[in-house]
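Chemist: Sharing a structure below in structure tokens format, with a few things to ask.
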Amino acid sequence: QLQAFGGGLVQEEGSLRLSCAASGRTFSTYAVAWFRQAPGKEREFVAHIRQSGSATYYEDSVKGRFTISRDSSKTAVYLQMTSLKPEDTATYYCAAGRPILNAYAVSSMYNFWGQGTLVTVSS
């Protein structure tokens, strides 16, 4: 099971750091991604980090503002979010899996999901 936490209410241009931890297993053999889902909208890809941590990918609207990382023991993955905007308001989910080729943004490529943590950005 994965646990995502760190969400909350923040003002526009503020920052938050989300964490994703695994219970019963480590992330060491999995790539990890963050997705988000705003009310009334479909779940969308946010960021991905490879199993090795050697590469990261981001959805265009968060590039330069969000940073995904994993700790050296590969037991946790983080999403540092800065310059937050009201449109970033959503429930954020972490997911672990082994996406093929360049399918890192496809949610069905991930086998394990956290319960979600709500991020609300006020203007």
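The values are calculated or read from the model by the stated rules, or taken from the named source; none is laboratory data. The structure displayed is predicted, hence computed values, not measured ones. No Cβ is skipped: glycine too gets one built from the backbone with ideal geometry, and neighbour counts run over all protein chains shown. The accessibility values were calculated without ligands, DNA or RNA, using every heavy atom of the protein model including side chains. Shrake-Rupley method; radii C 1.70, N 1.55, O 1.52, S 1.80 Å.
Chemist: What do you reckon, is residue 50 out of contact with any helix residue (DSSP H, G or I) (no Cβ under 6 Å at 6 or more places or on another chain), surrounded by 15 or more Cβ atoms within 10 Å (Cβ to Cβ) and of a type outside the set (S, T, N, Q)?
Modeler: Numbers: out of contact with any helix residue (DSSP H, G or I) (no Cβ under 6 Å at 6 or more places or on another chain): yes; surrounded by 15 or more Cβ atoms within 10 Å (Cβ to Cβ): yes; of a type outside the set (S, T, N, Q): yes.
Against the criterion (out of contact with any helix residue (DSSP H, G or I) (no Cβ under 6 Å at 6 or more places or on another chain), surrounded by 15 or more Cβ atoms within 10 Å (Cβ to Cβ) and of a type outside the set (S, T, N, Q)), residue 50 qualifies.
Chemist: Suppose the filter is open to solvent by 20 Å² or more (accessible area, probe 1.4 Å) and either at negative phi or in a loop (DSSP other than H, G, I, E, B) (or both); does residue 92 pass it?
Modeler: Working: open to solvent by 20 Å² or more (accessible area, probe 1.4 Å): no; either at negative phi or in a loop (DSSP other than H, G, I, E, B) (or both): yes.
Judged against the criteria, residue 92 is not a match.
Chemist: Quick check on the stretch 29-36. Is at least one of its residues at pLDDT below 90 and surrounded by 15 or more Cβ atoms within 10 Å (Cβ to Cβ)? Can you show your working first?
Modeler: Residues of the stretch 29-36 that are at pLDDT below 90, as a first pass: 29.
Adding the requirement that they be surrounded by 15 or more Cβ atoms within 10 Å (Cβ to Cβ) leaves none.
No; the residues of the stretch 29-36 include none that is at pLDDT below 90 and surrounded by 15 or more Cβ atoms within 10 Å (Cβ to Cβ).
Chemist: Give the stretch 95-123 a look and list any residue that's part of a loop (DSSP other than H, G, I, E, B) and over 14 Å from the mean Cα position of the chain (by Cα), or say none. Give the derivation first.
Modeler: So in the stretch 95-123, the residues part of a loop (DSSP other than H, G, I, E, B) come out as 98-106, 114-116, 123.
98, 99, 100, 101, 102, 103, 123, listed by residue number.
Chemist: Still on this structure: Considering each residue of the stretch 54-74, count those that are surrounded by 15 or more Cβ atoms within 10 Å (Cβ to Cβ) and assigned to a loop (DSSP other than H, G, I, E, B), and give that number.
Modeler: Of the residues in the stretch 54-74, 3 are surrounded by 15 or more Cβ atoms within 10 Å (Cβ to Cβ) and assigned to a loop (DSSP other than H, G, I, E, B).
Chemist: Which residue pairs have Cβ atoms closer than 6 Å, lie 6 or more positions apart in sequence or on different chains, and pair a first residue in the stretch 6-22 that is part of a loop (DSSP other than H, G, I, E, B) with a second residue that is open to solvent by 30 Å² or more (accessible area, probe 1.4 Å) and not β-branched (Val, Ile, Thr)?
Modeler: So the pair list comes out as 6/17; 7/118; 12/123; 13/83.
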